[in-house]
1. Quick one: order Leu63, Leu58, Leu44 from most to least accessible surface, probe 1.4 Å.
2. Rounded to two decimals, what is Rg over Rh for the stretch 33-78 when you use alpha-carbon atoms and the Kirkwood radius?
3. What accessible area, in Å² to the nearest ten, does a 1.4 Å probe give for Glu48?
4. Rank Ile106, Ile128 by accessible area, highest first, at a 1.4 Å probe radius?
5. For the stretch 47-134, what ratio Rg/Rh do Cα atoms give with a Kirkwood hydrodynamic radius?
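The values are calculated or read from the model by the stated rules, or taken from the named source; none is laboratory data. A quick note: this is a predicted structure, and the numbers were derived from the prediction, not measured. Surface areas here come from the heavy atoms of the whole protein model, side chains and all, with no ligands, DNA or RNA. Shrake-Rupley method; radii C 1.70, N 1.55, O 1.52, S 1.80 Å.
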Amino acid sequence: MAAVTLAAGCGGGDIPNPNETAAPRFLASNSAESDNELPTGEPLAAAEPVRLSGWAELDDGVLRLRFSAGTAECFGATVEVEESESEVQVGVRVGTLESMASVDCIAMAFASHVDVEIGSPIGHREVIDMNTGS
């Protein structure tokens, strides 16, 4: 298994099997597309694992991971990816941007996402949320 760690958001919902006939593929439980793209690559304070609500393969090798999180102005994410021939495991953690630690951020969750590159297209591999095992 190859591992990649990227900086990427807060959590809510199980990941069912993807619809194998749609491209890009969305999970059946997905809600509307999110405009709240969390920043990655910035230092985070108090990052916690979040549960994915869905994912979509945007292009070969690019996944959009969906979850609930605070505003992109205050929060950021880290993403861990481990790939094998049969599955792609992804784990998202969300925390307050260190640069915003002294600011009162809105205490409200929004449909959020982060895009992450993977080594090869999903194909018939299963996408698994590392934080829930599903």
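1. Descending order: Leu58, Leu44, Leu63.
2. Using Cα coordinates only, the ratio equals 0.96.
3. 110 Å²
4. Per-residue accessible area, sorted high to low, gives Ile106, Ile128.
5. The Rg/Rh ratio comes out at 1.01.
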